[in-house]
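Just so it is clear, none of the values below were taken in a lab; they were calculated from the coordinates. Keep in mind that this is a model prediction, so the values were computed, not measured. Ideal geometry is used to build each Cβ from the backbone, glycine not excepted, and the neighbour counts take in all protein chains shown.
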Amino acid sequence: MQSTIQKTIDFVKKALAHAEAGHDWFHIERVFKTAQTINRQENGDELVVAFAALLHDIADPKFNNGDEELGPNMAASFLSSIAVDAETIKHVKLIIQHMSFKNSFDGAAFSSKEMQIVQDADRLDAIGAIGIARAFTYGGFKNRVLYDPAIAPEEHLNKESYKNTTAPTINHFYEKLLLLKDMMNTEAGKKIAIERHNFMLTYLEQFYKEWEGK
Ligand code: ADP
Ligand code: NI
């Protein structure tokens, strides 16, 4: 018999068949793998971690008229269709409801070890080499410039600027990517974040050097 995890993988792959590059199946697969890596040290409930990682981006509110409940509801009804127990479903649903970057500013109303693990794994995919690639993919999609020396990144270091729709992609490093290292929940996540963070600092240094023709 097919495992519930394999069934979930198949379901998510199908659901994300037409997703944009930042949130495609490969993003989910990376988050799933990273969450398992972190969980090897944190010893959370393996099934909850796996289901939450796999289902966390099943219906992004950004592409669903801002509907924040669609994703959590779809995840819950899928899990119940494959006969996962009610307690696990409830936990996975809560994790998905409270995971986003924006929600984390509102003083998280829910937390659990498994939530912290999956949130760390998702945040780790926004930094380091992959994070850089994702940021420029997003910037290209929005037709943004790479960098504009007239718009200093430092001026965008506040939460409000996260909503700025025209900022150069480099600014996104200062408004989000470089802040994620200090937002890690788990020790294992922090360790991976530091390595990826330092890689971004090296990248930015090289970027500015090349910008000046050096
Ligand atoms: P999440 O991973 O929490 O769903 P988002 O949906 O906000 O995050 O973003 C998806 C990816 O696009 C991330 O890698 C993120 O860093 C990147 N991204 C989001 N907003 C911007 C932006 N303004 N400029 C560049 N990249 C962005
Ligand atoms: Ni995600």
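A few notes on this one:
- Formal net charge of residues neighbouring residue 140 (Cβ-Cβ distance under 12 Å; K, R +1; D, E -1): +2
- Under 26 Å from the Cα of residue 90 - lysines, other chains or at least 8 residues apart: 7, 13, 14, 33, 62, 102, 113
- Average Cα contact separation per residue, region 1-121, under 8 Å, 6 or more apart, as relative contact order %: 28
- The trypsin sites (Lys or Arg not before Pro) of region 22-64 include none that DSSP puts in a loop with a beta carbon having at most 16 other beta carbons within 10 Å.
- Under the span-like rule (Cα at least 15 Å along the axis, Kyte-Doolittle mean at least 0.0), DSSP H helices of the chain: 70-81, 86-98, 128-141
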